[in-house]
Amino acid sequence: MRDSECIFCKIAGGDIPSATIYEDEKFRVILDLGPASKGHALILPKEHFANIYELDEKTAADAFILAKKMAGKMTEALGCDGFNIVQNNGSVAGQTVFHFHIHLIPRYENDGVGLGWKPGQLTEEQKEEILSKMRE
Ligand code: AMP
Ligand code: ZN
């Protein structure tokens, strides 16, 4: 199903032109308009899912298989030195477009792309709390 209000539905469906680097029946892969690095691209399913929670398992599997293939192709074509696969869900996690997508971010020596976080510390208390909640 498509969402008539969703920009990524329009792009994935070809109603809005995009810089497409790959397309098949289920997905379109486009260059990000605000790239973190040279070649930053997005995998868009042609069907509308707001986020990973809505995504069905088959599409999730196909999307990650495609991410693996694109990482190989893009690394070969662009000569990058590493690769980040990023996927945001919810505005608190940095999602700004509410149509599921996977970021493909080629990385280059000294590219200055900031995707890191400040490591915290796993306390005994937190560890026990999480383990017990996850085992429920
Ligand atoms: P996220 O913050 O994970 O939701 O990622 C949304 C991404 O979509 C950002 O990296 C934007 O630069 C990118 N973006 C937004 N609109 C467009 C568009 N029309 N075409 C290509 N990329 C877009
Ligand atoms: Zn959509």
### Task
For Thr59, work out the one condition from (1) open to solvent by 50 Å² or more (accessible area, probe 1.4 Å); (2) among the hydroxyl-bearing types (Ser, Thr, Tyr); (3) away from ligand 1 (no atom under 12 Å from the Cβ) it doesn't fulfil.
(1)
### Message
I'm told Ala93 meets every condition in (1) open to solvent by less than 90 Å² (accessible area, probe 1.4 Å); (2) within 16 Å of ligand 2 (Cβ to nearest atom) except one. Can you identify the failing condition by its number?
### Response
(2)
#### Entry: Top-ranked residue in segment 16-37 [being surrounded by 12 or more Cβ atoms within 10 Å (Cβ to Cβ) and among the charged types (D, E, K, R); ranked as nearest to ligand 1 (Cβ to nearest atom)]
Asp32
### Query
Across segment 1-15, what is the total count of residues that are away from ligand 1 (no atom under 14 Å from the Cβ) and surrounded by 15 or more Cβ atoms within 10 Å (Cβ to Cβ)?
2
#### Entry: Residues of segment 76-90 satisfying the condition of being open to solvent by less than 50 Å² (accessible area, probe 1.4 Å) and of a type in the set (S, T, N, Q)
Asn84, Asn88, Asn89
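The values are calculated or read from the model by the stated rules, or taken from the named source; none is laboratory data. The shown structure was predicted, so the numbers you read here are calculated from the model rather than taken from an experiment. With ideal geometry, Cβ positions are generated from the backbone for all residues, glycine too; neighbour counts draw on all protein chains shown. Side chains are part of the model used for accessible areas, which takes the heavy atoms of the whole protein and leaves out ligands, DNA and RNA. Shrake-Rupley method; radii C 1.70, N 1.55, O 1.52, S 1.80 Å.
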